[in-house]
Amino acid sequence: MWKTILRRLLIMIPQLIILSLLVFLLAKMMPGDPFSGSINPNTDPKQIEALRRAAGLYDPWYVQYLRWVGNLFHGDLGTSYIQHVPVTSLIADRASNTFWLSLLTTILTYSIAIPLGITAGRHQDEWQDTSVQIFNYITLATPGFVFYILGLWLFGFTLGWFPISGSVSANASGFWGVFGSRIYHMILPAILYALITTTSTVQYLRTGIVDNKVEDYVRTARSKGVPENVVFHKHILRNSLLPIAAFLGNTITGLLSGSMIIESVFSYPGMGKLFLDSIGQRDYTTLTALILIFGILTLIGNLLSDIIMSIIDPRIRIQ
């Protein structure tokens, strides 16, 4: 397993280099620059020009790239041109909110999806399977933003059961007060987000169970008189969970990137909403840093999936 992890880490090095280069070049190709938003009829063009030269925007692209990478190694992601604070602290504040929302969403997603997938696969073509399939089709066909807005309108505005914006109440104090308020603000978006993201997990698990039920090793176990519950849990279910485990790493890191739609609908101050705000405000420094972080999270997700698969399936380990 350690050879597998080492090999994946070595493969990530050129991937990170290519990713950083692409992110930097795409950011340079975007129209305008960080100081374009400061231009108004009263702005002195010489002042804007001086700011551009001080920021090194007229240096060759490779000089700017090496300077940017050098700053990254020192933990310097630059300064937000809109909020005038270090991008590192700006992202750190939002990352904690996204982390807690992602953690709760991941727990709820698998808590809902795995029982539904097992029920549908074990009771194939019965009413339980039909009910789960109908639920799956509805969640798959419903646009996420429509589902989130309806949930916000019903449970937030109409019934008033949950907050409609923010991550912590202004009057919350003390550790437990802040913790409770944070959980309270996350419950509704986490449940809605989890319901939408269960589709693929339910379908993969159901399909795996249905396919594995007719495999030769299952028929052999039954012919030997192995109890049905043992056959299902030890042979059918265990092998059916492999595709779910393969996507687990990407699922976790994907949620950590934040959901732009649900964070915008609930005005939840996470990384997804920060990304959309950076696009609208043309905050190039923050935007570039976020794209790079999202790309790194994707690579880490692939690494986690490989590690998980190598743990539960020895056949793919490097000998």
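Can you find, within region 120-149, the residue that is least open to solvent (accessible area, probe 1.4 Å) among those that are touching a residue at least 40 places away in the same chain (Cβ under 8 Å) and farther than 30 Å from Leu237 by Cβ?
Step by step, filter region 120-149, then rank; the result is Tyr148.
Which of (1) within 24 Å of Met260 (Cα to Cα); (2) exposed (fewer than 15 other Cβ atoms within 10 Å of the Cβ) is the odd one out, the single condition Phe175 does not satisfy?
Here Phe175 clears every test but (1).
I need the full set of residues from region 154-166 which are farther than 20 Å from Thr109 by Cβ, touching a residue at least 24 places away in the same chain (Cβ under 8 Å) and either polar (S, T, N, Q) or not in a loop (DSSP other than H, G, I, E, B) (or both), in order please.
Matches in region 154-166: Gly156, Ser165.
Let me spell it out: the conditions are (1) in a helix (DSSP H, G or I); (2) over 21 Å from Ile209 (Cα atoms); (3) within 22 Å of the chain's Cα centre (by Cα); (4) of a type in the set (S, T, N, Q), and Asn136 meets all of them except one. Which number is the exception?
Of everything listed in (1) in a helix (DSSP H, G or I); (2) over 21 Å from Ile209 (Cα atoms); (3) within 22 Å of the chain's Cα centre (by Cα); (4) of a type in the set (S, T, N, Q), Asn136 misses just condition (2).
Which residue pairs have Cβ atoms closer than 9 Å, lie 6 or more positions apart in sequence or on different chains, and pair a first residue in region 103-119 that is over 21 Å from Arg182 (Cα atoms) with a second residue that is basic (Lys, Arg)?
Here the result reads Leu116/Arg206; Gly117/Arg206; Ile118/Arg206; Thr119/Arg206, each pair linking region 103-119 to a residue that is basic (Lys, Arg).
Within region 84-94, identify whether any single residue is part of a loop (DSSP other than H, G, I, E, B), open to solvent by 60 Å² or more (accessible area, probe 1.4 Å) and at pLDDT below 85, and answer yes or no. Spell out how you get there, then give the answer.
Start the filter on region 84-94 by keeping residues that are part of a loop (DSSP other than H, G, I, E, B), which leaves 84-85.
Among the residues that remain, those that are also open to solvent by 60 Å² or more (accessible area, probe 1.4 Å) are: 84.
With at pLDDT below 85 added as a condition, the list becomes 84.
Yes, because at least one residue in region 84-94 is part of a loop (DSSP other than H, G, I, E, B), open to solvent by 60 Å² or more (accessible area, probe 1.4 Å) and at pLDDT below 85.
For region 150-172, enumerate the residues that are open to solvent by less than 90 Å² (accessible area, probe 1.4 Å) and either among the small types (Gly, Ala, Ser) or under 19 Å from Thr199 (Cα atoms) (or both). Step through it out loud before you land on a result.
The initial filter retains those residues of region 150-172 that are open to solvent by less than 90 Å² (accessible area, probe 1.4 Å), namely 151-152, 154-156, 158-160, 162-169, 172.
Correct list: Gly151, Gly156, Gly160, Ser165, Gly166, Ser167, Ser169, Ala172.
Are there any helices (runs of 4 or more DSSP H) wholly within region 176-264 with 3 or more residues that are under 30 Å from Gly280 (Cα atoms) and at pLDDT below 75, and if so which?
Passing ranges, in order: 242-256.
What residue, of Leu77, Leu72, is surrounded by 15 or more Cβ atoms within 10 Å (Cβ to Cβ) and either in contact with a Cys (Cβ under 6 Å, 6 or more places away or on another chain) or farther than 30 Å from Asn212 by Cβ (or both)? Walk me through how you get there before you give the answer.
Details: Leu72 fails: surrounded by 15 or more Cβ atoms within 10 Å (Cβ to Cβ).
Just one listed residue meets the conditions, Leu77.
The values are calculated or read from the model by the stated rules, or taken from the named source; none is laboratory data. Bear in mind that the values here come from a model prediction, so they are computed numbers and not experimental data. Every residue, glycine among them, receives a Cβ derived from its backbone with ideal geometry; neighbour counts consider all protein chains shown. Accessible surface is based on the protein model in full, side chains and every heavy atom, while ligands, DNA and RNA are left aside. Shrake-Rupley method; radii C 1.70, N 1.55, O 1.52, S 1.80 Å.
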